[in-house]
Amino acid sequence: MSKPESFPIEKIFVPTKQKKAIKPEIVAEIAESILDIGQQAPISVRRDGDRLVLVEGLHRLEACKALGESTITGVLVPAELAQHKAQLADRPEVEAERIKMARLKQLRLEREAAEASMVSGKRSNETAAPRARPNNGVHTPKAPGRTAKATTKSLSEWITQQKGSGGRY
């Protein structure tokens, strides 16, 4: 296997059969990932005269194009290996594995979204300000030595603080 190198995106030819397989949602997902952590897996290309032909990595290539990149990390593979990879990609078990991995990824993303939703829900409950009673035009002066910044605490935190400061509860 050759060493990953940088290839100019405009020099990479994508066969028509591969172009038909583009899924915009996958391109968007990969583009987001590339923005977060960079391109992790190189694409595969082969030489065909003066041009490079994409062997593997259509969605990564399209994601880099969408991000405005001028180059992409890839590996140059011999034409024989490219032919073999194309034959393997058409096998039903390879497609079944791709579907399985996509499902697992979707489940992971849904779980992470649910966890994030629960965490943000807890935060909003913890930071919710107590409801103020209407003062009907009566001004209540602030207690001396108090700051305008109010922090919300749980009852047990408040009791612990009161005990520590000698206050009564």
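The values are calculated or read from the model by the stated rules, or taken from the named source; none is laboratory data. From a predicted model like this one, the values you see are computed outputs, not experimental measurements. Reconstructed Cβ throughout: ideal geometry from the backbone, glycine too, with neighbour counts over all protein chains shown.
The single condition among (1) assigned to a strand (DSSP E or B); (2) within 15 Å of the chain's Cα centre (by Cα) that ILE26 does not meet is (1).
For the range 48-65, which positions are assigned to a strand (DSSP E or B) and either more than 14 Å from SER6 (Cα to Cα) or in contact with an Asp or Glu (Cβ under 6 Å, 6 or more places away or on another chain) (or both)? Across the range 48-65, the qualifying residues are ASP48, ARG51, VAL53, VAL55, GLU56. Against the test of being on the phi > 0 side of the Ramachandran plot, loosely packed, with under 10 Cβ neighbours inside 10 Å, assigned to a loop (DSSP other than H, G, I, E, B) and modelled with pLDDT of 75 or more, the options GLY166, GLY137, GLY68, GLY145 yield a single qualifying residue, GLY68.
Only one entry in SER2, SER33, SER44 is over 26 Å from LYS105 (Cα atoms) and of a type in the set (Gly, Ala, Ser), namely SER2. Candidates are the residues of the range 28-59 that are touching a Gly at 6+ places or on another chain (Cβ under 7 Å) and among the β-branched types (Val, Ile, Thr); the one that is surrounded by the fewest Cβ atoms within 10 Å (Cβ to Cβ) is ILE43.
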